[in-house]
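Reading through the structure tokens given below for one structure.
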Amino acid sequence: MFTDHHDRVFAFCFSMTGNRAEAEDSAQEVFVRAWRSLKDWEPDRIAALSERAWLHKIALNVVRNRVRAAAARPPQAASDGALAVMPAPGRGPESAVEAQWLATQVAGLPARQREAIVLVSIQGFPYAEAANLLDRPINTVKSDVHRGLLALRRTLEREEVLAG
């Protein structure tokens, strides 16, 4: 299970936190929680498990808890600036710049929109599955994705006007 899902869980945590160290700690905590939980389950229940969705649900809760705890602590140094959204393979340096811009903008969205966009647009979950993971109605998730993408589009248009 670890090798099959580690990269996706790490990428999810990274997209949600924007910090490599925090994402590594979160991903590790996800798999520790999953392992501890599985040892008490019946084999039939394990066989019926959708590992990807289950691990992302754990990851979402871990990240939410860590963000909540971080908000209660005094501020630290800024994020390590690493990419939370990886550039497309085979593309030039502009792809890395675009991915960095997107990662920064997604991290600045309200939590509800950020969670929905990361699950649907970055991780590729269908709306219904994302709604289930977020414990929200499907139309709310669609609305959160729409509003988040609209905010990203407005920011891009503003920056193009300033640069142009």
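The values are calculated or read from the model by the stated rules, or taken from the named source; none is laboratory data. A quick note: this is a predicted structure, and the numbers were derived from the prediction, not measured. Methodologically, a virtual Cβ is constructed for each residue, glycine included, from the backbone with ideal geometry; neighbour enumeration extends over all protein chains shown.
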Inset, instruction - Select from region 12-29 the residues that are assigned to a helix (DSSP H, G or I) and closer than 18 Å to ALA111 by Cβ and list them in ascending order. - result: PHE12, CYS13, PHE14, SER15, MET16, THR17, GLU22, ALA23, SER26
Legend entry - Filter result (exposed (fewer than 10 other Cβ atoms within 10 Å of the Cβ) and either acidic (Asp, Glu) or at pLDDT 80 or above (or both)) within region 40-60: ASP40, GLU42, ASP44
Inset, instruction - Name the residue, out of LEU109, LEU134, that is outside the structural domain of ASN61 (by TED's automatic domain parsing), surrounded by 15 or more Cβ atoms within 10 Å (Cβ to Cβ) and over 22 Å from ARG52 (Cα atoms). - result: LEU109
Inset, instruction - Test ALA34 against the stated conditions and say whether it is surrounded by 14 or more Cβ atoms within 10 Å (Cβ to Cβ), touching a Phe, Trp or Tyr at 6+ places or on another chain (Cβ under 7 Å) and assigned to a helix (DSSP H, G or I). - result: no
